[in-house]
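What follows is a set of notes on a single structure, which appears directly below.
The values are calculated or read from the model by the stated rules, or taken from the named source; none is laboratory data. Bear in mind that the values here come from a model prediction, so they are computed numbers and not experimental data. Note that we place each Cβ from the backbone using ideal geometry, even for glycine, and neighbour counts take in every protein chain shown.
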Amino acid sequence: MPGEEKELDLQQFKKLCHFQLTVEEIAAYFEVSPRTVQRRINDPAKDPETGEPLVDKAGKPLPSDYKLAFDEGRAAGRTALRRLQWRHAQQKGSSGVTMTIHLSKFWLGETERSLQAGGGTGNDPDKPRRIKVVGGIANAENRPQGEEHQAPLPNPFDDTETPSKS
C-alpha cells in the first residue's frame, strides 16, 4: 500500500551489509525498492516523538540507525576478508587464494600494480623494490632447495596468540 513504510529488520540489514550485498540485493531480500533502502541509509536520524531530524551540537544531522548499520556491517565484512587473507597467506597451496585476491581487489581496493611496483628507491614507481630476506623467511623464489616448511607468520587479528618468554 503506498505511503506505508515497511519495517526492515536492522540486525538482518547489518548482516547483509557484512556480506557486502549491494543496495539492490538488500532491497530484493526485504522485498522493497532499492530507492527505499537508499532512503533509509541517507535519511537522518529522527526524533521518535516529533519526527524531526536529530542534529549534533554543530547542527549537523545525525546518521540514521540504517546508515550506522550499513557502515558498520561493511567495515566488519572488510575485516573478515582481511582475516581470511591472513589465513590463506599462512596456508601452503591454498585453493582459496585466487578468490581472496579477487575479493580483495573489489572490496578492499587493492591492485596488483600497488603490490608489484612498490616504488623502489627514489620516486620511480616502476622501479622494483629489492626485498631483503630476514630471519630465514623467504618467498618460493628465494627459498633454498629442499626447504619445505616456512615458519608461520604471527596473526595480528588473534589476541590469544601472545608469546610468553620467561
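Data for the structure
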{"item": "Given (1) closer than 21 Å to residue 109 by Cβ; (2) free of Cβ contacts under 8 Å to residues at least 60 places away in the same chain, index of the condition residue 53 fails", "result": "(1)"}
{"item": "Boolean, residue 71 is closer than 20 Å to residue 7 by Cβ and charged (D, E, K, R)", "result": "no"}
{"item": "From the options 36, 111, residue that is at pLDDT 85 or above and out of contact with any Ser or Thr (no Cβ under 8 Å at 6 or more places or on another chain)", "result": "36"}
{"item": "So residue 14, is it charged (D, E, K, R) and free of Cβ contacts under 8 Å to residues at least 24 places away in the same chain", "result": "no"}
{"item": "Hits in segment 12-40 - residues which are assigned to a helix (DSSP H, G or I), within 19 Å of the chain's Cα centre (by Cα) and within 24 Å of residue 108 (Cβ to Cβ)", "result": "13, 14, 15, 16, 17, 18, 23, 25, 26"}
